[in-house]
Amino acid sequence: MNRFLILAAVLFISFSSNIFSQITDYELGTKTGFRYNSQSGYFDLSDPDAVNIKVAVWGFVRYPGRYLVPTYTSLLDLLSYAGGPSNDSHLDDLRLYRNKEDGSQEMFVFNFNDLLWESKLDSKKRPVPFIEAGDILVVPGSPRYYARDVVSMWATILSALVSIGILILNLVRN
């Protein structure tokens, strides 16, 4: 009878943990031994003594992906964790998307262009928001075309035209 009760308790605990578990953007502490996964876009930068949140960084940064960071992380910290903006990023249009509890979404737009390129800050008072659970930071940008890209594009077009010309000549001869 004791074995049956122990087996029933183990089965109940295992099934109830699967049924009642929820996916959340909050975590307490950190998992031991797991800090960084280079195969995917998931980065664990959590603090073992703090509450940690899951956020995402998309766009023109060095390491876009999903991040597990402490709750005291600011927007600039998150941008630094993502490896910083790339050369093609538009820092005058950083966007932070936040889901509200009622299901609606908010978008905050920030201009941090003067932090990197200007000798003075535009405003003395700049609110740098702290990140909340589930936030998405988007760093927009546009790719630049270099001379090798232009040469490659024209070489591709030229080779296609030469191939079509050779095909037409072969069809006309026969």
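The values are calculated or read from the model by the stated rules, or taken from the named source; none is laboratory data. Model, not experiment: these values are computed from the prediction. Cβ sites come from the backbone with ideal geometry, for glycine too, and all protein chains shown count toward neighbours.
Tabulated data
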| read-out | value |
| --- | --- |
| Count of the stretch 126-166 residues which are touching a residue at least 24 places away in the same chain (Cβ under 8 Å) and either over 26 Å from Glu101 (Cβ atoms) or not in a loop (DSSP other than H, G, I, E, B) (or both) | 10 |
| Single residue of the stretch 69-96 satisfying the filter (farther than 20 Å from Leu45 by Cβ and assigned to a strand (DSSP E or B)) that is modelled with the lowest pLDDT | Ser89 |
